[in-house]
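**Q** One structure is given below, represented as structure tokens, and several questions about it will come after.
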Amino acid sequence: MTALELLNEHRCFGGLQRRYRHQAPTLQCAMTLGVFLPPQALKGQPVPALWWLSGLTCTDENFVHKAGAQRLAAELGLALVAPDTSPRGEGVPDDPDGGWDFGHGAGFYVDATQEPWSRHYRMHTYVAAELPALLEAELPLDPARRGISGHSMGGHGALVIAMRHPGRYRSVSAFAPISQPSHCPWGRKAFGHLLGPDPQTWQAWDASALLAGGRGPVGPDGRALPLLVDQGTADGFLEEQLRPQALEAAASASGHPLTLRRREGYDHSYFFVASCIDDHLRHHAAGLLGAAP
């Protein structure tokens, strides 16, 4: 019997967009996720997968419904995997102050060390280990060809996961990532709850700190994975929360290849993501399929 419960599926550009539910031992709750299988996968061919991590207040459905990624993914032969953004359920603690920037929908893709969060908030291990093992065992996904990307909090998650797991991914990118969470209000609030009050312990979960320390992402061949980051110049969170200049400085200091594109007039919404997603899919296809970007 499969561990994945199929909730629904829709024919989409010759492939299938599916939504699943499963019990996640790492998070000790039920989780939902979206998977797009391109036409090649439906013919039984193992295909590479791009893992997409969404941002604050999102679920597994935001990217699926709003990014418009399935058309080109079908042409390229890429599967798309969209997990939820945090553990959920009546037994999962939420923001004690009732805020929207922590708790349900805001797991920050770290492994919590503090009570009461440490029992459930282990999104890093869930995304990097538990869920890939499950999906690659049950679906025609090639475990040797994984890419990772995301938006905002999910962009932070994508960068950090790729950096903390050298050789596991072949491509990485981000949209408007929280580039230096240990120095922004969103990150300080979440890290203080999840990881404790000592800012030194936060550095292992901060993309700019990891990059500056020479821990930029590398592929299976040991070579540096080039980073592609898009940031809208009209993003209301740009200066206080996202801090792309910190990532840029870290890449310069460490010599890691980074393409940081400041997109004039774009904001933080999925209109921005949808406008630039094709570039990112081609970036990942270059790493996963050897296709020209």
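The values are calculated or read from the model by the stated rules, or taken from the named source; none is laboratory data. In this text the structure is predicted, and so the values were computed from the model without any measurement. Methodologically, a virtual Cβ is constructed for each residue, glycine included, from the backbone with ideal geometry; neighbour enumeration extends over all protein chains shown.
**Q** Would you confirm whether or not segment 145-159 contains a residue that is over 12 Å from the mean Cα position of the chain (by Cα), surrounded by 18 or more Cβ atoms within 10 Å (Cβ to Cβ) and not charged (D, E, K, R)?
**A** no
**Q** When you look at H268, is it under 21 Å from Y169 (Cα atoms), in contact with a strand residue (DSSP E or B) (Cβ under 9 Å, 6 or more places away or on another chain), at pLDDT 95 or above and of a type outside the set (F, W, Y), yes or no?
**A** No: the conditions fail for H268.
**Q** Pull up segment 264-293, narrow it to residues that are in contact with a helix residue (DSSP H, G or I) (Cβ under 6 Å, 6 or more places away or on another chain) and not hydroxyl-bearing (S, T, Y), then point me to the one that is nearest to T233 (Cα to Cα).
**A** D278
**Q** May I pose another question? Name the residues in segment 268-293 that are in a loop (DSSP other than H, G, I, E, B) and within 17 Å of S179 (Cβ to Cβ), would you?
**A** Within segment 268-293, H268 is the sole residue that qualifies.
**Q** Residue by residue through segment 152-203, note down the ones that are closer than 25 Å to A82 by Cα and part of a loop (DSSP other than H, G, I, E, B).
**A** S152, H165, P166, G167, R168, Y169, R170, A176, P177, I178, S179, Q180
**Q** What pairs can you find where one residue is in segment 137-149 and within 21 Å of L227 (Cβ to Cβ), the other is basic (K, R), and their Cβ atoms are less than 7 Å apart, with a gap of 6+ or different chains?
**A** Close Cβ pairs (under 7 Å, with a partner that is basic (K, R)) amount to R145/R170; R146/R168; R146/R170; G147/R170.
**Q** While we're here: Conditions: (1) in contact with a Pro (Cβ under 8 Å, 6 or more places away or on another chain); (2) surrounded by 14 or more Cβ atoms within 10 Å (Cβ to Cβ); (3) over 26 Å from R282 (Cβ atoms). L227 meets all but one. Number of the miss?
**A** (3)
**Q** In contact with a strand residue (DSSP E or B) (Cβ under 7 Å, 6 or more places away or on another chain) and either free of Cβ contacts under 8 Å to residues at least 12 places away in the same chain or of a type in the set (K, R) (or both): does that describe D95?
**A** The answer is yes for D95.
**Q** So, one more: Would you check if A162 is in contact (Cβ under 8 Å) with a residue 60 or more places away in the chain, crowded, with 16+ Cβ neighbours inside 10 Å, among the small types (G, A, S) and in contact with a Lys or Arg (Cβ under 9 Å, 6 or more places away or on another chain)?
**A** yes
**Q** Can I ask one more? Answer yes if at least one residue in segment 129-137 is crowded, with 16+ Cβ neighbours inside 10 Å and either in contact with a helix residue (DSSP H, G or I) (Cβ under 8 Å, 6 or more places away or on another chain) or farther than 30 Å from G287 by Cα (or both), and no otherwise.
**A** Within segment 129-137, none of the residues are crowded, with 16+ Cβ neighbours inside 10 Å and either in contact with a helix residue (DSSP H, G or I) (Cβ under 8 Å, 6 or more places away or on another chain) or farther than 30 Å from G287 by Cα (or both).
**Q** Additional query: What's the total number of residues in segment 171-193 that are touching a strand residue (DSSP E or B) at 6+ places or on another chain (Cβ under 9 Å) and surrounded by 23 or more Cβ atoms within 10 Å (Cβ to Cβ)?
**A** 9
**Q** Right, next: Among residues belonging to segment 1-36 that are in contact (Cβ under 8 Å) with a residue 12 or more places away in the chain and of a type in the set (D, E, K, R), point out the one that is farthest from S54 (Cα to Cα).
**A** The extreme case among them is E5.
**Q** Right, something else. Just give me the residues in segment 102-147 being touching a Leu at 6+ places or on another chain (Cβ under 7 Å), not in a helix (DSSP H, G or I) and not aliphatic (A, V, I, L, M), in sequence order.
**A** Correct list: G105, F108, Y109, T113, Q114, H120, Y121, R122, R145, G147.
**Q** Is segment 57-78 home to any residue that is under 13 Å from the mean Cα position of the chain (by Cα), surrounded by 23 or more Cβ atoms within 10 Å (Cβ to Cβ) and among the aliphatic types (A, V, I, L, M)?
**A** No; the residues of segment 57-78 include none that is under 13 Å from the mean Cα position of the chain (by Cα), surrounded by 23 or more Cβ atoms within 10 Å (Cβ to Cβ) and among the aliphatic types (A, V, I, L, M).
**Q** Still on this structure, please answer the following. In this structure, is R215 in contact with a helix residue (DSSP H, G or I) (Cβ under 9 Å, 6 or more places away or on another chain), on the phi > 0 side of the Ramachandran plot and not polar (S, T, N, Q)?
**A** Considered against the rule, which asks whether it is in contact with a helix residue (DSSP H, G or I) (Cβ under 9 Å, 6 or more places away or on another chain), on the phi > 0 side of the Ramachandran plot and not polar (S, T, N, Q), R215 comes out as no.
**Q** If L228 passes every condition in (1) in a helix (DSSP H, G or I); (2) without any contact (Cβ under 8 Å) to a residue 60 or more places away in the chain; (3) more than 30 Å from E115 (Cβ to Cβ) but one, which one does it miss?
**A** (1)
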